[in-house]
Every structure is written in C-alpha cells, then in structure tokens.
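Everything on this sheet refers to the single structure shown next.
Values quoted throughout were computed directly from the atomic coordinates according to the rules given, and no laboratory measurement underlies them. It should be emphasised that the depicted structure is a prediction, and the values quoted were computed from it without experimental measurement. Here the Cβ positions follow ideal geometry from the backbone for every residue, glycine too, while neighbour counts run over all protein chains shown.
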C-alpha cells in the first residue's frame, strides 16, 4: 500500500486514516476490536482519535474511543504496528479544555492512560485556543516531543492565518512545529481548505489529513432525503447537503461509480486522496464492508476525466449559484 510522509516528520502512513470516533459510540467494544484487527490486516495502520470522543453521546463523558483503543492494544499487542494520532483542546468538562501549558501536560497523561501506551505518534490541537499565546502552546508541545511522549504535533480547525503564525512562532523559537493539519475537506466542503489552508500547507510542507472525508456519510449515497437522515446518528449533520448542489454531487459520484464499477464511497475517497496537499483522508467504518471500501479506495487511481467530472459538480462556484 502506498505510504506518504506527515510533513517533515519521520511518520510514514498509508494514504487513508481510520477514524476512531465511532469506537465506543456507534460501534461497541467487541466490534471495535474486530474492525481494528481487520484494518491492520488490510494495511490501514494509521488511526486517529481524540480525548473528547464521544462526549456528545448520552451518558458519555469523553475518552470512550481512546479507552477502547487502549484495551485493544493491551489485548492484541499490536501497538508497535500502529501510527496513533489523538487530539486535545475541546471541552472535557470541569474546565478541562484549551491549549495552556498546564492543561496540555494534564491532557496528554490522561490520553496515555486511556490508550495504555507510553507515546503518541501524532498529538494534535483539536481546535485553536485564542486565549493562550501560541508560544506557550508550542513550548508545551515541544517539551512532550523532547520527553519522547509525542513523536510529532499537528493542528485541527485552524485558519490559514493562525496556522502560518504558529509555524512562524515555532521557527522563531526553535520549537517543534505543526507537521500536520486536520481540516474539514471533501467533495461537499472545498472552499475553506482550497482557498485558505492549502497555500499554507504547500508553503511549509505540512501534511493534511482531512476529517469528514465522506461528509458525515452523505457521500456514501445512503442519504438522499430527509427521511433517510431521520433518526440516524449523523442525520442532522447531512441535512445541509440535501439540496440541489448536494444531489448534483451525488449524481456525478453515481455516474463515475457506475462507469468504473465502484461504490460512491470509494470514488469520493479516491478523489480526495488525489487532491494536492492531502496526505491521508480520515474515514471511519462501522462494519467490515465499510472497512473494505476504505481499503479499496487506497488502491484506486481515478482517470483524469472522472476527477474533472467530480471537480465540476462539486465546484464552490456551483454551490453558490
């Protein structure tokens, strides 16, 4: 399976990252173990999670995904085979949030305990923290790298201006820099990444691992009406795509998928893998069939005509029309 490097770091990863948000949420512990074993067997050894997963679910407090992954590490003995990414910064309750030096030191220890490991390959700021100076945040991350608790650092949900500022602060102070960006980018969400973030990614050689690569499942084709979305875990997230622009994108996906004898999900992921600046899209799986779609997408190279068709249908100009 093709590998790509995350920024200037030594981390080599497959061209697709398995999203861990579903573990302990829509996928129980037993099934999560099956999916994790199958992912590694299929060559998908890059796994992304976060401390806050899945605090939004009723009865959950956060840390559920990390806990499941940690139990799997302990049971399987496969920690050394995994490039493990996790994140901090969103509200975990009781004032536990942000990117201060004190909180970063506390949050990393909590994640390490849940994950049952002594190091994190890619530790990411889950969201920007305007109340904490970038130098303080990056100094704290740099300390973790020097201690061997973290191999590389990254950022998620930053603007292009803040990402560039963070890189410049690292350079000025000789600190570990963000090697990775985790943006919202897909056929349905192109504007922010392509216009604001991609220039910074390319200028500084930063890896991009987009989340919501399948637009919360919309690009699988399973949501084609409000009735399809009703009552589903991510139903509310896809309602904004149930419009003429969204249906035009699905029509283009269906056409390319039919011509190439593929599923829409494989096509949507292969399109993203082929885009400039992208290292590895993040996509989750709730079944072995879904996992097969992810693995097969890494082996696809879409014809130029197919990419052009999808580019045209998903164009931000078309969305605005």
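Could you tell me what a quarter of the Cα convex hull surface of the chain works out to, in nm² with one decimal place? It would help to have the intermediate numbers written out before the result.
Values: hull surface 62.7 nm².
So the Cα hull casts an average projection of 15.7 nm².
Hey, if you drop one equal point scatterer on each alpha-carbon of segment 55-115 and run the Debye formula without solvent, what base-10 log of I(q)/I(0) do you get at q = 0.26 Å⁻¹?
The Cα Debye sum returns log10 ratios of -1.14.
Taking the 0 to 90 degree range and rounding to the nearest ten, how far is the long axis of helix 101-115 tilted relative to the main principal axis of the chain, both from C-alpha atoms?
Rounded to the nearest ten degrees, it is 70.
Per residue and in cubic angstrom, what volume does the convex hull of the Cα atoms of segment 88-153 have? Can you show the working numbers first?
Numbers: hull volume 5.0 nm³, N = 66.
It comes to 75 Å³ per residue, whole-number rounded.
With just the Cα atoms defining each centre, how far is segment 288-321 from segment 246-281? Give it in Å.
The distance from the Cα centre of segment 288-321 to that of segment 246-281 comes to 2 Å.
In a GNM of the chain with a 10 Å cut-off on Cα contacts, which of 262, 272, 250 has the highest mean-square fluctuation?
262
Return one number: the angle in degrees, 0 to 90 and rounded to the nearest 10, between the long axis of the Cα atoms of helix 244-260 and the longest principal axis of the Cα atoms of the chain.
Approximately 80 degrees, to the nearest 10.
Starting from the 7 Å offset along Cα-to-Cβ, what nm value, one decimal, do you get for the label separation of residue 29 and residue 258?
Placing both labels 7 Å along Cα→Cβ, they lie 4.6 nm apart.
Just the Cα atoms of segment 260-300: what Rg and Dmax do they give in Å?
10.0, 30
Between the helical axis of 160-173 and the dominant principal axis of the chain, each derived from Cα atoms, what acute angle in degrees is found, rounded to the nearest 10?
Once rounded, the angle reads 30 degrees.
Return the Cα extents of segment 140-184 along principal axes one, two and three, sorted largest first, each rounded to a whole Å.
30, 24, 13
In nm², what is the average projected area of the convex hull enclosing the Cα atoms of segment 1-133?
Values: hull surface 34.3 nm².
Taking a quarter of the hull surface, the average projection is 8.6 nm².
Given the options 227, 116, 171, state which has the largest fluctuation in a GNM of the chain using a 10 Å cut-off (strictly under) for Cα springs.
Looking only at 227, 116, 171, the biggest GNM fluctuation is shown by 227.
Under the √(5λ) rule applied to the eigenvalues of the Cα gyration tensor, what semi-axes describe the equivalent ellipsoid of segment 119-251? Give them in Å, descending. Could you put the intermediate results ahead of the total?
On the way: eigenvalues 241, 49, 28 Å².
Over the Cα atoms of segment 119-251, the semi-axes work out to 35, 16, 12 Å.
Would you calculate, for the chain, the mean residue ellipticity at 222 nm contributed by helices, counting each DSSP H stretch of 4 or more residues as -39,500 (n - 2.57) and dividing by all residues, to the nearest 500?
One gets -12500 deg cm²/dmol as the mean residue ellipticity at 222 nm.
What translational D, rounded to a whole number of µm²/s, comes out for segment 1-70 from Stokes-Einstein when the hydrodynamic radius is the Kirkwood one over Cα pairs, at 20 °C and 1.002 mPa s?
166 µm²/s
Given just the C-alpha atoms of segment 168-210, how large is their convex hull per residue in cubic angstrom?
Per residue, the Cα convex hull of segment 168-210 comes to 66 Å³.
Most exposed first by the Cβ proxy, i.e. fewest other Cβ within 10 Å, how do 25, 56 rank?
Numbers: 25 21, 56 12.
Ranking 25, 56 by Cβ neighbours within 10 Å, fewest first, gives 56, 25.
Quick check: the distance between the Cα centres of segment 125-148 and segment 34-103, to the nearest angstrom?
That distance is 19 Å.
Sticking with the crude label model, points 7 Å out along Cα→Cβ, report the distance from residue 4 to residue 301 in nm, one decimal please.
Once both label points are built, they end up 1.5 nm from each other.
Take the alpha carbon gyration tensor of segment 174-321, find the square roots of its eigenvalues, order them as a ≥ b ≥ c, and report rounded if a/c is under 1.5; if not, report prolate when a/b exceeds b/c, else oblate.
Values: a/c = 1.45, a/b = 1.43, b/c = 1.01.
Rounded, since a/c falls under 1.5.
In nm, to one decimal, how far is the modelled label at residue 311 from the one at residue 222, with both set 7 Å along Cα→Cβ?
3.1 nm
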